[in-house]
Amino acid sequence: MSVFENIWHVLRAYEREYRQERTEELLARCRLSGLEDHAIQTLSGGEKQRVALARALAEEPRLLLMDEPFGQLDSILKQQLKFELAEFLQESSSTVVMVTHEPKDALGIADTIAVLQNGELQQVASPKQVYEQPQTPYVAQLFGTVAIFPTDFWQNYQSQTKTTLGKLGIRAEQVQVVSSGKPELNGKGSESAVRLPGTVAYLNYQGHYQEVAVRLANEELLTAFYSGNGLAAGQTVELLINPADLIPLSE
């Protein structure tokens, strides 16, 4: 069948006028306009994925199960479809269970995230909670760049750092890179700041920011996101961290 017929067929129990209207709506929503007459076997993997999504949405299901729904889409189309899906969910009373290996997809769409590792549940929480308050190193690392060290490592630099857990982590966006000796931490007083001296190991350009890997005295690498200019490999810097931003993690 053609793309149009694939969607039309799902709606065979409805009146012709509604079938036509709903099929055209889904073709537009899933960015399939212009492909109506194409046979399925002539489509790319991403286009087939979008047809499958249109078919799944056709009858406005109460429960929608999605397994890697954006897996074969390029970044532009993926972003468009994510917004379309989010809009659909807001307009409907459907519940969606989505399996994904892309943490950003889960953060952007989900109300609740369940993190599995080797088949075992690690944490169930809101997107904000799994990002800002991850319970384990695995969950922390899954949702972004984070450096994790034993608690006593941090206490060497900040004796007031206290926790009953064995490890503390810090996300890359919460680390400030400064020239050695600079007294400020994002405009705040730096009396309680954790200050880690190190050397820039490498820079990874990411457009509006750079990933800066800094090698510390213990030879560990800690990554920071840096939006300024002027850093170079081999340069001596300090990493400034607010102790309040450290994330306590269980083993």
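The numbers here are math on the coordinates, done by the rules we state, and not lab data. All figures in this text were calculated on a predicted structure; none of them were measured in a lab. Positions of Cβ are backbone-derived with ideal geometry, glycine not excepted, and every protein chain shown enters the neighbour counts.
The table below gives the values:
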item	result
Amide proton proximity set for Q235, modelled H, under 5 Å, gap of 5+	V200
Long-range HN-HN contacts of S92 with modeled amide H, under 5 Å	none
Nitroxide proxy distance, nm - points 7 Å out along Cα→Cβ at A52 and Q235	4.6
Dipole magnitude (debye, nearest 20) for region 3-111, charges at Cβ of Lys, Arg, Asp, Glu	160
GNM flexibility winner over the chain from L239, L32, L222 (Cα, springs under 10 Å)	L32
Cα-based helix-to-principal-axis angle, 75-91 vs the chain, degrees rounded to 10	70
For K167, residues with placed amide H under 5 Å, excluding near neighbours	T151, L249
Over region 3-111, relative contact order from alpha-carbon pairs under 8 Å, at least 6 apart, %	27
Members of K104/K128; K128/K167; K82/K104 lying beyond 19 Å, as alpha-carbon distances in this model show	K128/K167
Under the Karplus curve 6.51 cos²θ - 1.76 cosθ + 1.60, θ = phi - 60°, whole-Hz ³J(HN,Hα) for region 65-72, x wherever Gly or Pro sits	9, 10, 10, 6, x, 10, x, 10
In degrees, nearest ten, helix 45-57 long axis to first principal axis of the chain (Cα)	70
Karplus-derived 3J(HN,Hα), 6.51/-1.76/1.60, for each residue of region 232-241, Hz, glycine and proline x	9, 4, x, 6, 7, 9, 10, 9, 9, 9
Cα centroid separation, region 76-124 to region 4-50 (Å)	23
(i) 26.2, 91; (ii) 20.5, 72; (iii) 24.1, 74, with the label sought being that of the calculated Rg and Dmax of the Cα atoms in Å	(iii)
Phi to ³J(HN,Hα) by Karplus 6.51 cos²θ - 1.76 cosθ + 1.60 over region 196-204, Hz, x for Gly, Pro	10, x, x, 10, 5, 8, 6, 10, 10
